[in-house]
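Here is the structure we will look at.
Since every read-out is calculated from the coordinates, none of them should be taken as a lab result. Note that the structure is a prediction, hence the values are computed from the model and not measured. Every residue, glycine as well, gets a Cβ built from its backbone with ideal geometry; the counts of neighbours run over all protein chains shown.
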Ligand SMILES: [Zn+2]
Ligand SMILES: [Zn+2]
């Protein structure tokens, strides 16, 4: 499952998929590429993994400020908002998951259990190049799970996949 991608201007989900075409002004070549687009009225922001966040106006592409994955040399995407600030994640498969020290796979979007120094269940929003994850605590009010406004940064090695206890039937 791919994480949701947010507009870097509005920090809202980019829901539309569109194909844009244009002429590269330097090389005079036609290009065509598929992007996610922001749904906010008047916003020109598009994103894909080749070009990162760009404005597309009249078939011209204007780069936004990019946040590069140093390992893959590709632009990261904003996948969550924490305290009003964007949470960035590289969408390359080998950045979306990592092995902890027991060899278990820890993946963006997964619910995990933290053992140290915090205890509890968390949802992973991002895994950084340094192996630190940004997570949000999962609560349970009885009528289902919800995400609490409680965020942590915990290394992958201190997490393990959450396996629900078998229900007593
Ligand atoms: Zn936008
Ligand atoms: Zn990467």
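Remarks
- Within segment 37-73, backbone nitrogen closer than 19 Å to the virtual label 7 Å beyond the Cα of residue 92 toward Cβ: 48-53, 66-73
- Average silhouette area of segment 92-161, convex hull of alpha-carbon atoms, in square nanometres: 4.6 nm²
- Overall Cα dimensions of the chain - principal axes, largest extent first, Å: 64, 34, 31
- With the highest mean first, a sort of the peptides 4-14, 65-75 on other beta-carbon atoms found within 10 angstrom per residue produces 4-14, 65-75.
- Residue 153 paired with residue 18, simple spin-label distance in nm, labels 7 Å along Cα-to-beta-carbon: 3.5 nm
- R0 of 22 Å, Cβ-Cβ distance residue 39-residue 65: FRET efficiency to nearest 0.05: 0.55
- Each peptide in 17-29, 79-91 receives the mean, over its residues, of other Cβ atoms within 10 Å, and ordering these scores from highest gives 79-91, 17-29.
- Segment 127-169: proportion of alpha-carbon pairs further apart than 16 angstrom, %: 54 percent
- Over the Cα atoms of segment 16-68, the radius of gyration divided by the Kirkwood radius equals 0.95; this is the Rg/Rh ratio.
- The label point for residue 11 and the one for residue 85, both projected 7 Å from the Cα toward the Cβ, are 1.1 nm apart.
- Spin-label model distance (nm) - residue 31 vs residue 113, 7 Å beyond Cα toward Cβ: 4.8 nm
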